[in-house]
Amino acid sequence: MDLHGQLSILLILLVISSSLEVVVLASTQSYLHHLSTCETVFTIQDIHLKIFYLFPTPAHLWLAQDHVSAGAAFTALSIGSLGLVALFPQQQQQHLHKIELQHRQPETSELPHSQKLLKLFSVWTLLTIPSFLLTTGAHIFTLVLAIITSSSTFSLSSSSAIQNKHFELYQWTPETWFRALLQSLRFVHEAQREEMVWRVRVMEVGRWNLVVMSVLGVAVMWVGIGLLRAGRKKIVGMELGGWKDEKEMLTEEAEYAAVSCYRNRGVECGRG
């Protein structure tokens, strides 16, 4: 598979991964907004079968990591979509060139168009670098906050004293907060617990998806740079009167021979 095909596959995967990240973050924010605006409370039962109520979100909830991840996801989605758009004219030009199947040097009239496409592709390739850095930074930032807040603990004794109030101890991220509630509390309504379990799993998917986005980002950047170098090499060859590497010439010779044989069916092919 040539570089165009590799980059097309990587861009499609990047668009899918970044779209998944956007959906995960939107789902998490929607859930938090629902809990904070619909006056929802968690009905909890302690070991003495005493019922008390707890606000679903703590007083100190960090959401900065979600905003950074959303920025990285939207940037990667834009880069992937623009990459597919920028790659399409080059693929069309390459496809039309192969259809001609003629042993000729590229015409000088094709040079300005090829140079324009190469400039646009150069700009896009440069944009893949900050996109990759932003995605990697978002992953590191999310991981650091998860480590910092993972030491926060939730106790029934402290929560029983603040019924109908926000839990004010420690700092939390949405994932560490809901995970601590699931580990420490017994919910009277099983539906609340099942919903929370599902939301925690969704948050885990979003966190690990950042790793996938980072890997795809560096792969897209690397293949894009390789394709850009190959394009510049061909432009230089066209300026010097036309250039084809050995593999391309052998491929075109085989295609030309096959088409000539097909058009002249009356002549037996394969004989000198």
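Bear in mind these aren't lab numbers, they're just calculated from the coordinates by the rules spelled out. Being a predicted model, the structure only gives us computed values, none of them experimental. For neighbour counting, all protein chains shown are included, and Cβ atoms are generated from backbone atoms with ideal geometry for every residue, glycine included.
Taking H placed 1.01 Å from N in the peptide plane, check which residues at least 5 places from Thr173 or on another chain put their amide H under 5 Å from its amide H.
For Thr173, whose amide H was placed from the backbone, the distant partners under 5 Å are Trp62.
Please go through the range 163-226 and write out the trypsin sites (Lys or Arg not before Pro) that DSSP classes as loop and that have at most 15 other C-beta atoms within 10 Å.
Loop-located and lightly packed - Lys165, Arg186.
Using alpha carbons only, how many angstrom separate the centre of the range 33-60 from the centre of the range 1-19?
44 Å
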